[in-house]
Each structure stands twice: as C-alpha cells, then as structure tokens.
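Here is the structure we will look at.
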Amino acid sequence: MKQTEPDFWVLEYVTITKDPRTDLVVAMGGTEKAADILQRTGGFLSTAGPRGDYHRLPYGLPVEQQRLKAATASHALLAAGHSVHLDPALNALATPDGAHEAALRYLAQLAERVAAAETSSEVADVLTEIAAPVNGLLPLTREVVVRAWIAASDLQGASPGEEPEPIARLGDTASSMSQAARLILHARNHAARAPRTAAPAPSTRSTRPPASRRR
C-alpha cells in the first residue's frame with residue numbers, strides 16, 4: 001500500500017520585523033484575515049510594494065510605541081491561529097536590560113555556590129567558571145577591555161605606543177587580567193586535586209563516670 005503524506009492546513013506565515021534601512025516596522029505574509037488583525041489590533045497600514053502588498057506602522061512612532069503595537073498584533077495573530085515570527089527587538093514583553101539582569105543573577109549564584117561549598121572540588125568548579133580559558137568570566141571581560149583599548153585609541157587617532165596614558169594603561173590592565181586568570185586556574189587545579197576529607201567518626205569512649213567516682 002502506497003503511503004501518502006498528510007495534508008496540513010497551515011495559514012500563511014507572518015513576519016513582523018524592523019527594516020534596517022528605513023527603521024519602519026513592517027509585516028509581511030499572511031492572509032486577508034491576518035491583514036485585518038494587523039490593521040485592527042496593531043494600527044498597521046496596507047502599502048503597495050514592488051513584490052506585492054505589505055503592512056507597516058505609521059511614520060514617526062516612538063520606539064516604545066512600535067514595540068507595543070507590534071507585540072499586540074503578534075499576540076492577536078497567534079490567538080487567531082496564525083504562525084508568526086516577531087523580531088525579538090520588537091517584543092514589548094522582553095525587558096531591554098534582561099541580559100544585564102541575568103549576568104548579575106549569575107554572579108550572585110556563583111557567590112552563593114562558593115559560600116555554601118562543602119568540598120574543594122565545589123570551590124574548583126566555581127573557579128573554573130571564573131577563569132576557564134575560553135568561556136570564563138575573567139577572560140571574556142579581558143576581551144572587552146582589549147577591544148575598548150583598541151577602539152579608544154582609534155577614536156582618538158593615536159598611533160600604537162602614543163596613546164594618552166589612561167588609554168595606554170588599558171593594555172597593561174588586560175595583561176594583568178590574563179595573569180590573574182592564570183593564578184586563579186592554578187588555585188583551581190590545586191583545589192581540584194585536594195583529597196576529600198572524611199567527616200570525623202563519632203567518639204566510642206564510654207560516658208560512664210570513672211570507677212573511683214561511682215558509689
């Protein structure tokens with residue numbers, strides 16, 4: 001018996017994104033029903049384009065208004081059964097400083113982990129997070145400092161070795177951070193090799209008083 005592929009009744013995909021050339025928020029794809037939802041819930045305008053009609057938000061809207069209208073239209077389309085891709089930059093439910101908050105939470109968790117450590121290997125695990133050669137916090141931070149040093153020198157038009165002292169010291173700081181990472185990794189290796197200390201065994205001495213004191 002010949003197997004046939006099933007038929008899927010999927011509505012046409014809708015993409016809501018921001019055009020980098022014009023900074024306009026545009027919506028492409030979808031059915032007439034999707035167009036109606038875009039216009040009613042998001043305030044999108046139908047516009048004739050070189051490859052067919054598309055929708056866009058009005059000119060001159062503040063960024064927060066763009067995000068709010070795009071996110072509102074996106075949720076309305078999803079609720080109606082349409083497939084939607086919403087540019088993450090337009091998602092009004094996403095906090096702009098989410099990455100910064102996540103980084104702060106990550107550092108706080110590392111501090112809590114090392115404070116609650118009961119073995120040397122647990123301390124070593126946290127030190128690895130800090131100084132691992134590729135994805136460690138300190139090497140990644142050093143990379144930011146190096147790029148800031150290069151960018152600051154270029155923006156001031158300084159030749160290598162002729163940067164103002166505060167800018168030149170960024171290079172020295174990057175070297176110090178590399179040295180610090182090596183020292184932390186050395187301590188990490190020492191902690192990882194440390195033997196596990198067994199908990200002291202309970203005392204087996206009798207708690208009965210000496211015979212000379214018994215009556």
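The values are calculated or read from the model by the stated rules, or taken from the named source; none is laboratory data. Here the structure is a predicted model, which is why all the values come from computation and not from measurement. Cβ sites come from the backbone with ideal geometry, for glycine too, and all protein chains shown count toward neighbours. Keep in mind that these areas ignore ligands, DNA and RNA; they rest on the heavy atoms of the full protein, side chains included. Shrake-Rupley method; radii C 1.70, N 1.55, O 1.52, S 1.80 Å.
Contact annotation: residue pairs with Cβ atoms under 7 Å, 6 or more positions apart or on different chains, pairing a residue in the range 111-127 that is in contact (Cβ under 8 Å) with a residue 12 or more places away in the chain and more than 13 Å from Ala194 (Cα to Cα) with a partner that is open to solvent by 60 Å² or more (accessible area, probe 1.4 Å) and of a type in the set (Lys, Arg), are Val126/Arg113; Leu127/Arg188. In the condition set (1) surrounded by 17 or more Cβ atoms within 10 Å (Cβ to Cβ); (2) out of contact with any Asp or Glu (no Cβ under 7 Å at 6 or more places or on another chain), Lys33 is compliant with all but (1). The selection criterion, being at pLDDT below 85 and exposed (fewer than 11 other Cβ atoms within 10 Å of the Cβ), does not hold for Pro164.
Residues that are among the charged types (D, E, K, R) and part of a helix (DSSP H, G or I) within the range 161-185 comprise Glu165, Arg169, Asp172, Arg182, listed in sequence order.
Per the conditions (1) open to solvent by less than 40 Å² (accessible area, probe 1.4 Å); (2) hydrophobic (A, V, I, L, M, F, W, C); (3) closer than 16 Å to Ile184 by Cβ; (4) assigned to a helix (DSSP H, G or I), the sole criterion not satisfied by Ala152 is (3). Tell me yes or no: at least one residue of the range 71-85 is surrounded by 12 or more Cβ atoms within 10 Å (Cβ to Cβ), among the β-branched types (Val, Ile, Thr) and under 28 Å from the mean Cα position of the chain (by Cα). Checking the range 71-85: at least one residue is surrounded by 12 or more Cβ atoms within 10 Å (Cβ to Cβ), among the β-branched types (Val, Ile, Thr) and under 28 Å from the mean Cα position of the chain (by Cα). Checking Val144, Val126 one by one, the residue that is within 30 Å of Glu64 (Cα to Cα) and of a type in the set (Val, Ile, Thr) is Val144 and no other.
Being surrounded by 11 or more Cβ atoms within 10 Å (Cβ to Cβ), over 24 Å from the mean Cα position of the chain (by Cα) and part of a loop (DSSP other than H, G, I, E, B) is the requirement here; does Ala158 meet it? In short, yes. I'd like the full set of residues that are more than 26 Å from the chain's Cα centre (by Cα) and either within 16 Å of Trp149 (Cβ to Cβ) or open to solvent by less than 50 Å² (accessible area, probe 1.4 Å) (or both), limited to the range 171-186. Result: Gly171, Asp172, Ser175, Ser176. If you take the residues in the range 17-30 that are within 19 Å of Ala92 (Cα to Cα) and in contact with a strand residue (DSSP E or B) (Cβ under 6 Å, 6 or more places away or on another chain), which one is surrounded by the fewest Cβ atoms within 10 Å (Cβ to Cβ)? Here the answer is Asp19. The set of residues from the range 115-141 being within 18 Å of the chain's Cα centre (by Cα) and within 20 Å of Leu104 (Cβ to Cβ) comprises Glu129, Ile130, Asn135, Gly136, Leu137, Leu138, Pro139, Leu140, Thr141. Only one entry in Ala131, Ala102, Ala92 is closer than 30 Å to Asn189 by Cα, among the hydrophobic types (A, V, I, L, M, F, W, C) and surrounded by 13 or more Cβ atoms within 10 Å (Cβ to Cβ), namely Ala131. Residue under question is Gly52, and the condition is that it be more than 26 Å from the chain's Cα centre (by Cα), on the phi > 0 side of the Ramachandran plot and open to solvent by less than 40 Å² (accessible area, probe 1.4 Å); does it hold? In short, yes.
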